[in-house]
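Note sheet for the following structure.
Read-outs: derived from the displayed coordinates by stated rules, not from any lab. Worth saying up front: this structure is predicted, and the values here are computed from it rather than measured. With ideal geometry, Cβ positions are generated from the backbone for all residues, glycine too; neighbour counts draw on all protein chains shown.
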Amino acid sequence: MIVAAYPWHDTVLTTYAFPDPDDETVLGGDVRVEIDAETGSIRGSQRLHNEVVPMSGSPQNSRASVLTAVRTCMPTETDVFMVLRREPRIPHIVIAEAWIYGIEPNGAVKVLRRREE
């Protein structure tokens, strides 16, 4: 499990928890928690993906990864982090509610096209 915390304004600490890709290559299973920086109390939390999806095969032999189990209308911060952390870096495709996005190996997010219903 990886836990990372980032200050957001002076009063909120945004914390992310997600599976460690070194333990097993997975997508999803991540949570964002907002913590009051003064009191330490939880202000809110959001599960960022519906499930944990094991990735089969070696990233060295993959041209891209795809995730459709998102809970938001766009890629999450942890989608970008996963691309930047994985070696070798390969593009990642996120299929969201209305749009399909591509995350480049350098972390750039692009709209690829509208999702067909």
Between ARG85 and ALA108, what is the label-point separation in nm under the 7 Å Cα-to-beta-carbon projection? 2.4 nm
For semi-axes √(5λ) of the Cα gyration tensor in Å, calculated from these coordinates, the label among (i) 50, 23, 14; (ii) 40, 11, 10; (iii) 26, 17, 13: (iii)
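Using Cβ counts within 10 Å as a stand-in for footprinting exposure, how do PHE18, PHE81 rank, fewest first?
Details: PHE18 23, PHE81 18.
In increasing order of surrounding Cβ atoms, one gets PHE81, PHE18.
Among LEU67, LEU13, which comes first, then next, by fewest other beta-carbon atoms within 10 Å? Could the numbers behind the result be given before it?
Details: LEU67 22, LEU13 17.
Ascending Cβ contact count within 10 Å gives the list LEU13, LEU67.
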Once amide H atoms are built 1.01 Å from N in the peptide plane, which residues 5 or more positions from SER65, or in another chain, come under 5 Å H to H? HIS92, ILE93
Residue among ILE103, VAL12, ILE42 farthest towards the positive dipole end of region 2-114, charges placed on Cβ: ILE103
What list of ³J(HN,Hα) couplings, whole Hz, do you get for region 102-111 from phi and the Karplus terms 6.51, -1.76, 1.60, once you set θ to phi - 60° and write x for glycine and proline? x, 10, 6, x, 8, x, 5, 9, 10, 7
Please list, ordered by chain and number, the residues whose modelled amide H lies under 5 Å from the amide H of ILE2; skip anything fewer than 5 residues away on the same chain. PHE18, ASP20
What residues have an amide H closer than 5 Å to that of TRP99, excluding those fewer than 5 places away on the same chain, when H is modeled at 1.01 Å from N in the peptide plane? ARG115
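Using the Cα centre as the reference, give the magnitude of the dipole from point charges on the C-beta atoms of the chain (Lys, Arg: +1; Asp, Glu: -1; all else neutral), rounded to the nearest 20 debye.
On the way: 12 positive and 17 negative charges, 103 e Å.
The dipole of the chain has a size of about 500 debye.
Which value at 222 nm does the chain reach when only helices count, each DSSP H run of 4 or more adding -39,500 (n - 2.57), with the total divided by all residues and rounded to the nearest 500 deg cm²/dmol? The partial results should precede the final answer.
Working: 1 runs with 9 residues, N = 117.
Here the helix-only value at 222 nm equals -2000 deg cm²/dmol.
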